[in-house]
Amino acid sequence: MSQEAFYYQVQMQEEYEMSKIKEFAQEMREEFLASEQEYCVYCGDEKSEKYDCCGENHYASFADLGEDVQTAILDEEIKQYEKATK
Ligand SMILES: [Zn+2]
């Protein structure tokens, strides 16, 4: 295989993986949006009975979170996903 063909293949492979991750992120976003789970608006931790993440008491559903927090939650899921698929 020529070097060019090799690089082309590597690039295709990377693009394929990126598209899988984007697809996954989109699915996760939809799942989160449909979920009743509430999150801390400050750090994005899931609300639970015992766990008090940053001493604040302000929770919102995923859809009501700021985009930064939404992205942070999704990034965390993507990291888990990448770990699981490698
Ligand atoms: Zn918090």
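Where a number appears in this text, it was derived from the coordinates with a stated rule and is not lab data. Only a predicted model underlies this, so the values are computations on that prediction, with no experimental measurement involved. Virtual Cβ from ideal backbone geometry, glycine too; neighbours counted across all protein chains shown.
What the table below lists for this structure:
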{"item": "Kirkwood Rh and Cα Rg combined as Rg/Rh, the chain", "result": "1.18"}
{"item": "Average Cα contact separation per residue, the range 1-77, under 8 Å, 6 or more apart, as relative contact order %", "result": "28 percent"}
{"item": "Helix axis angle, 3-34 relative to the chain longest principal axis, alpha carbon, degrees", "result": "20 degrees"}
{"item": "Per-residue Cβ neighbour rank within 10 angstrom, fewest leading, E77, E17", "result": "E17, E77"}
{"item": "Cβ-placed point charges (K, R +1; D, E -1), dipole of the chain about Cα centre in debye, nearest 20", "result": "320 debye"}
{"item": "Fewest-first ranking of K50, K79, using other Cβ atoms within 10 Å as the exposure measure", "result": "K50, K79"}
